[in-house]
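Working notes for the structure below.
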C-alpha cells in the first residue's frame, strides 16, 4: 500500500470513529454559543454594554470552539500514551512515523472544525438583526476557518508533548491555555488593547490565538477595526509549522520512535 | 531440532540501547548479537529489566537502537524500514487494539494498512477469525473481551498480512492456565506455517515447551543461548527452571 493510501486509510478510520460522537460535539459547541449569545447579546446591554458587543463576542465563539478542542485532544492523547498505547501500533505500520503525526494534526483539525462550522448559521439565527453579514467574505472565512483548524491540530500535538502525565493536564490548562485565550482578544479587539497599552498589545503578537480571533472577525464582520486579514492568515500558517514541528520533535524524543 | 534451521532470517549485530537520564545511563541492551533462523521459535528469557521488551520493541521497529544494526535480506532494516515492517507482526505486552472498532474492523484496518488486496481481505479475515476461534466475537468491541481473547485478536491482527516474523511480547502474562495452553497451540501452529516467532516470556515452562532455541538475557547482555535440551544437559538439570535458578544464583555470587 502506498504511503498516501495508508495515510488516508488511517484518517478515514479516525473520522469513522469520530462520526459516533459528532452529535455530542455539535451539542457542546451549540451550548457554548447559545450561552454566550444570551449573556453578551441579551443580558449585557441591560447593564450598559453596547449591543454590538454581543455580536463581537459571539463571532469569537467560532475560533474559541475550535481552540478549546486542544484540551480534549491533548488529554485523550496523553491518556493513550500512559495507558493502552494505541499510538505504538500506528508507529509500527509501514509508513514514516512523522506522517502518523501529520495525520493526527489533520484528524484533530477536522474534528475541531466540524462542530464550529455550524456555529455561523446558528449565530445568525440567534442574533438575527443584531448581526450584519454585509461585510462577510465567504472566501476569507473559508480560508481562516481551515487555517485555524489546522493550527489547532498542530498546537494540540505541541501541547500533548508538554504534558508530563495525565495528572499535569490541569497545569497546562491553567498556566498556558487560559492566559493564551484571555489575551487573544476574545473579549476585546486588539486595537482597543493597543490604545490602552501598546506594549502589552505588541506582546500579544506572540499569541497565535490572537490571529485566529482577529482573522475570523475580519472575515465575518469586515476588516474595519481588526488586524489585517492576510497578516493573520500568514501568522497562523507560520505558527502551524512551528508548533507542528516542535510537537513532532518533542514527541519523537518522548516516545522514542524511529 | 536446531540443526534443521539453516537459513538466517535476521541478524542482530551488536545491538545497544541506552536510556540517558540526568544523572545516570541505563544500559537496557549492551551489545546483543544473534542470528534468528527462519521458521524457528526463538525464546527470549530473563528477569524483569533484563532487556526482553526493549529488544522486541527494537525488532518491531518501534524504537531505534542506540548502536548496532539489524540485517534482513542482506541489508540493514533501517535502509528501508517500511519494507521491513511489512514482513513483521508485533504483539505487544499490553493489548493496544482500537476499542472503538469491532474485532472485524480492527482486522480489516490492519489488513488494509499492510496492503492486503481488498479482494483477498474478507477471506483472509474469515480465515484468521476461524483459526483463532473468534467467530462469536467478530462484531464485539475489544473492550468487552477477556484477556485471553484480546491476546488472540492481537495475534490475529499481527498475522493478517502473513508476516515472516512475529514478535510475541509476553503473550500469556496474567492468563488462566487453560487459556495459556490454548495460546501455546496457536504459537506451535505458527511454526508449522514456517513463521519465525520471537517469544518473549518469563514463564520458563512456556519457553522450554515452545522454543527451538532459548536466549537468556541478563542486564542487557546475552548470558546463554542454546536449545532447551543442550542448556539442560550442560547444566545437568532436568528442567529449564533449574538452569535459570542456577544462573541467577551464580549472578548474585
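For the range A:213-257, filtered to residues that are within 14 Å of another protein chain (Cβ to nearest Cβ) and in contact with a helix residue (DSSP H, G or I) (Cβ under 6 Å, 6 or more places away or on another chain), the residue that is modelled with the highest pLDDT is A:251. Select from the range B:80-106 the residues that are without any contact (Cβ under 8 Å) to a residue 40 or more places away in the chain and farther than 21 Å from residue B:132 by Cα and list them in ascending order. Selection gives B:80, B:81, B:82, B:83, B:84, B:85. For the structure I just gave you, tell me whether residue A:98 is within 30 Å of residue B:169 (Cα to Cα), out of contact with any strand residue (DSSP E or B) (no Cβ under 7 Å at 6 or more places or on another chain) and either within 14 Å of chain B (Cβ to nearest Cβ) or at pLDDT 95 or above (or both). Here the answer is yes, as residue A:98 does meet what is asked.
Each row is one residue, and each column tells you yes or no for (1) under 17 Å from residue A:110 (Cα atoms); (2) part of a helix (DSSP H, G or I); (3) in contact (Cβ under 8 Å) with a residue 40 or more places away in the chain; (4) within 14 Å of chain B (Cβ to nearest Cβ).
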residue	(1), (2), (3), (4)
A:6	no, yes, yes, yes
A:10	yes, yes, yes, yes
A:13	yes, yes, no, yes
A:25	yes, yes, yes, no
A:29	yes, yes, yes, no
A:34	no, yes, yes, no
A:38	no, yes, no, no
A:44	no, yes, no, no
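Only one of the numbered conditions (1) in contact with a strand residue (DSSP E or B) (Cβ under 9 Å, 6 or more places away or on another chain); (2) without any contact (Cβ under 8 Å) to a residue 24 or more places away in the chain is violated by residue B:8, and that is (2). Taking the options B:68, B:89, name whichever one is within 28 Å of residue A:83 (Cα to Cα), part of a strand (DSSP E or B) and within 14 Å of chain A (Cβ to nearest Cβ). Testing whether each residue is within 28 Å of residue A:83 (Cα to Cα), part of a strand (DSSP E or B) and within 14 Å of chain A (Cβ to nearest Cβ) leaves just B:89.
Scanning the range A:53-68 for residues that are more than 12 Å from chain B (Cβ to nearest Cβ), at positive phi and outside any helix (DSSP H, G or I) turns up nothing. Among the residues of the range A:82-105, those identified as surrounded by fewer than 20 Cβ atoms within 10 Å (Cβ to Cβ), over 20 Å from residue B:160 (Cβ atoms) and touching a helix residue (DSSP H, G or I) at 6+ places or on another chain (Cβ under 8 Å) are A:82, A:96, A:98, A:99, A:102. Would a scan of the range B:33-40 turn up a residue that is under 19 Å from residue B:158 (Cα atoms), within 21 Å of the chain's Cα centre (by Cα), within 14 Å of another protein chain (Cβ to nearest Cβ) and not in a helix (DSSP H, G or I)? Within the range B:33-40, not a single residue is under 19 Å from residue B:158 (Cα atoms), within 21 Å of the chain's Cα centre (by Cα), within 14 Å of another protein chain (Cβ to nearest Cβ) and not in a helix (DSSP H, G or I).
The values are calculated or read from the model by the stated rules, or taken from the named source; none is laboratory data. Treat the numbers as computed from the prediction; the structure is a model and nothing was measured. With ideal geometry, Cβ positions are generated from the backbone for all residues, glycine too; neighbour counts draw on all protein chains shown.
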